[in-house]
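No value in this document is a laboratory result; all are computed from the given coordinates. Note that the coordinates shown come from a computational prediction; the quantities given were computed from them, not determined experimentally. Cβ placement follows ideal geometry from the backbone for every residue including glycine, while neighbour counts extend to all protein chains displayed.
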Amino acid sequence: MTEPTGIDRLRVRPYALTGGRVRSTTELALETIVILTDRGATHGEERGPERRNICRLCEEPISIIEISARLGLPLGVIRVLVGDMVTDGLLNTHRLDGTSAESGSRPDQRLLERVLHGLQTI
Amino acid sequence: MVFKRSERGRVDRPVPIPVKIVVAGGYAVGKTTFVGSISEIEPLTTEAALTSRSEGVDIAGDAAKSSTTVAMDFGRITLGDDLILYLFGTPGQDRFHFMWDDLIRGAIGAVVLVDTSRLEDCFPAVDYFESAGTPFVVAVNAFFGRMQHSLGDVREALAVSPSTPMVVTDARDREATKTTLLQLVQHALSVAAA
């Protein structure tokens, strides 16, 4: 591994955004995709700059890890913030196929076949 | 399809289904190049901290003690309207295993990239995915088509199961990367069907 990067200098401060918490009430996978809800579009602006930035990124579907990279904030911080925003109804994790975002189980055959087909046609 | 009603009675939009593949291997073996060759976005980097599940785990080594975050690269491939494939390039050293637990949860499987001149660099990744029961393929990265050892030699040196696919790839080449990913998904399918 290389020397600590610039982000290291921020390591303590970002967790001030989460009130020092390192875990969220919901356990979101790093690839979980979220999108702004109606409520988020209406009330998200009131929740401070970080949540406002998250709301703006979430106008289109975006994954937790991508939010982390685009805002330059550690994944752990984004997990807590986004988890809270999902709980508050500002963001939605509900998937098109109706499956849960928190299952964490390996894709089944049907999904794998769809991935296979999708990859073949890109 | 189930939609959730928002407070004003409008229907909140559902999100695409994310799937992921982990790309592991030794330092500078070409993981980011592999991800970047097929990703629709420039590979992004994020800092992953110790996950909540790994708190209290004692990580050996001074470097791990002085820094609890590691950089992780990722890319994205949209597969239709409702399916997005994420590729995660992750450091291959033993001391980053805490991160793999998180990464591999729910993953299709892993591509272990191998440089035949530094074969031993991929041992930790192979060991990890074998013990975790994760479907994986070993992909020898042959820059300019050059390989120092045959696939048979590599298989013998790694002592992987005969059922583990072993392929030659070129991390810089989109089609080669795509073929490697397809081989992994096919392997994952055969594992799922078994």
Where Rh is the Kirkwood radius over Cα pairs, Rg/Rh for the stretch A:12-121: 1.01
For A:91-99, mean number of other protein chain Cβ atoms within 10 Å: 6
Spin-label pair B:Arg172/B:Asp101, simplified geometry with 7 Å Cα→Cβ offset, distance in nm: 3.9
At R0 = 30 Å, FRET efficiency that the Cβ-Cβ distance of A:Arg21 and A:Asp108 yields, to 0.05: 0.35
Modelled FRET efficiency - R0 22 Å, A:Glu50 with B:Ala71, Cβ distances, 0.05 increments: 0.55
Average other protein chain Cβ within 10 Å of Cβ, residues B:178-189: 3
Distant-in-sequence amide H partners of B:Val15 (H built 1.01 Å from N, under 5 Å): A:His94, A:Arg95, A:Leu96
Amide H within-cut-off set for B:Tyr27, under 5 Å, with H built and near neighbours excluded: B:Gly92
Environment charge of B:Thr164, counting only residues whose C-beta is closer than 11 Å and scoring Lys/Arg +1, Asp/Glu -1: 0
Residue-wise HN-Hα coupling along the stretch B:102-112, computed from phi with Karplus coefficients 6.51, -1.76, 1.60 (Hz; x: Gly, Pro): 5, 5, 7, 4, x, 7, 4, x, 9, 10, 9
Cα-projected label distance for B:Ile41 with B:Asp153, points at 7 Å along beta-carbon direction, nm: 4.1
Environment charge of A:Leu57, counting only residues whose C-beta is closer than 9 Å and scoring Lys/Arg +1, Asp/Glu -1: -1
Shielding of A:50-61 by partner chains, average beta-carbon count, 10 Å: 1
